[in-house]
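Visitor: Quick one: the structure is below, and I'll ask about it shortly.
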Amino acid sequence: MPTVSPSSTDITLDARVGDLSISPTPVPHAVEFVEGSSPQITTETASLLRNRLRAAAGLMGLAFGSFLIWRLINSGISPRGDFVFHFLVTGTLAYAFVSLCRKCALSLTILRIYELAVFALPVAYFAYQQFWTSRYLAQQGLMFNDLAAWVGTIFIYAMFIPNTWRRAAVFIGIMCALPLSLSAYLWWTDPTYARILMEHRMFLFETFVIMGVSFLAATYGTHVINSLREEAFEAKQLGQYRLVSLIGSGGMGDVYLAEHQLMKRPVAIKLIRPGKAADKQALARFEREVRATAKLSHWNTIEVFDYGRTEDGTFYYVMEYLPGMSLADLVEKHGPLPPSRAIHLLMQTCDALSEAHGRGLIHRDLKPGNLYSAQRGGYYDVAKLLDFGLAKPISTDNQPVHLTQEGSITGSPLYMAPEQALGDSEPDERSDIYSLGAVAYFMLTGRPPFEGDRAIKIILSHAHDAVVPPSRLRADLPLDIEQVILRCLAKNPAERYGSAAALREALGECGQYGGWSSQDAANWWKANGESHHEAEALAASAI
């Protein structure tokens, strides 16, 4: 089993049967938001073009390959260089099919180059073959009349390639005009062909009619297909929000970068998968996350704007879009943080937790992936607390909460409090304090307090093993902040800070407090080429 990396896994542990499943938390992707961008140039369009090109290349490659084998077995008319050209086209189509199967990213421009190669080479081959075969047969007093290859290629292009009808008309028009143009050229330059053509006048008429009908049918078909695609795109809109691109996926649903169509404001929309709508437990968690987050108004908590259900039963809610990156990505890309910066971010998180705890909510899934360093209102390094999907009201004797399966424990093993992992007692505010201490450990050392190749081992380490003091991993770490972290990570909840406010006060008494200012944050982000125009998407939260 692979090593469990920091903030990369969530677990569900069924204590009764010992069933442990680990699902990956989606990794955030860089997203550039273009105001008022149209649906033609989107990640979705490029993905569709790639899939269609792959199918077209595979289909035509199979046809060319089969015909090449047949010709090698059955000798026949062979214009000069024909076999070499035929082999070149077959090889190119095969290469395009394999290349388009790879997972590497391809821009729309590169895909259009593939489109040109996939269709231009076969068309050039048909023209080459018609030219030489027509001249050869004319010498025998015969007329070459094989338009099936042309018509097949035209309709493959129309059906497979997403296009506007105007663009399609240009490419299809060229393909339809080539057979007629070749016949006209041969009639003008080859007297023998001209004589045979006059004897078979019906051939020219048939060619003209077939190519004309093919042009009209293929162009109109492209228009119909493109209209249906746009209607499907419009159907994906949620009220006043237009989906721009997929930026994250998880077990329950997907996160999209979207735009409010009137205000042109970028937002993040979380959708629950249609198959999960019948799962009462999953749906309860989804609605709980919406309502729990909507109750919170602190600056350092992710803001929820809207919530609803589409006509097909898809649940969604709309959140603020966060320019910045998660603490998991921040540490992974730039290494452990300076103590002063860590204190700056941790104290803001304590403020967000104080409000949640004050409203009777514990988070239960604090981890680097659920904490963002964002740019908001002209300020940098604004801490944002995400993902209240596992949030749970603090239990009382008269208000039991059973939204998770009895005997099951849900959370992130790398940052889970011992009592939460073992189920010995109901998690409370001090469980979040433990998890935040584990996050602080990661921020300052680049690794979580405990690591292992199996999640169950990590859970047991949290419950029973002593934490390696972070100063052993980082010699320049001040003693005062180390003591704060180790107190947060106490096995016994009674030995931890009793509240987020108490932890914040302890952080404020550390010598490094105040050493990281808003100007320091702004300078760091600009120096590292990170700006609010190059924001990483809100996708790190577990769905």
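Visitor: From the list L204, L228, pick out the single residue that is modelled with pLDDT under 85 and surrounded by 12 or more Cβ atoms within 10 Å (Cβ to Cβ).
Guide: Checking each option against the conditions leaves just L204.
Residue-by-condition table, conditions (1) surrounded by fewer than 18 Cβ atoms within 10 Å (Cβ to Cβ); (2) more than 43 Å from the chain's Cα centre (by Cα):
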{"position": "Y157", "(1), (2)": "no, no"}
{"position": "N163", "(1), (2)": "no, no"}
{"position": "F171", "(1), (2)": "no, no"}
{"position": "S181", "(1), (2)": "yes, yes"}
{"position": "L186", "(1), (2)": "no, yes"}
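Visitor: Then there is this: Report every pair of residues separated by at least 6 positions or lying on different chains whose Cβ atoms are under 7 Å apart, first residue within segment 475-496 and farther than 17 Å from F442 by Cβ and in the same structural domain as R341 (by TED's automatic domain parsing), second among the aromatic types (F, W, Y) and in a helix (DSSP H, G or I).
Guide: R496/Y434
Visitor: Failed condition for A94, given (1) under 30 Å from L228 (Cβ atoms); (2) within 32 Å of the chain's Cα centre (by Cα); (3) surrounded by 16 or more Cβ atoms within 10 Å (Cβ to Cβ), with all others met?
Guide: Going through the list (1) under 30 Å from L228 (Cβ atoms); (2) within 32 Å of the chain's Cα centre (by Cα); (3) surrounded by 16 or more Cβ atoms within 10 Å (Cβ to Cβ), A94 breaks only (1).
Visitor: A follow-up question, please. Considering every residue within segment 164-177, establish whether at least one is of a type in the set (F, W, Y), more than 30 Å from S227 (Cβ to Cβ) and in a helix (DSSP H, G or I).
Guide: Looking for residues that are of a type in the set (F, W, Y), more than 30 Å from S227 (Cβ to Cβ) and in a helix (DSSP H, G or I), one finds none in segment 164-177, hence no.
Visitor: Which of the helices (runs of 4 or more DSSP H) contained wholly in segment 448-516 include at least 1 residues that are buried (at least 16 other Cβ atoms within 10 Å of the Cβ) and more than 37 Å from the chain's Cα centre (by Cα)?
Guide: Hits in segment 448-516: 479-488, 500-508.
Visitor: Criterion first (more than 20 Å from D351 (Cα to Cα) and of a type in the set (K, R)) does R474 satisfy it?
Guide: In short, yes.
Visitor: Got a sec? Which strands (runs of 3 or more DSSP E) wholly within segment 370-426 have at least 3 residues that are at pLDDT 50 or above and hydrophobic (A, V, I, L, M, F, W, C)?
Guide: The strands (runs of 3 or more DSSP E) meeting that bar are 379-385.
Visitor: Of the conditions (1) modelled with pLDDT under 90; (2) crowded, with 23+ Cβ neighbours inside 10 Å, L345 fails just one. Which one is it?
Guide: The one condition L345 does not meet is (1).
The values are calculated or read from the model by the stated rules, or taken from the named source; none is laboratory data. In this text the structure is predicted, and so the values were computed from the model without any measurement. Quick reminder, even Gly has a Cβ in these numbers, built from the backbone with ideal geometry, and neighbours come from all protein chains shown.
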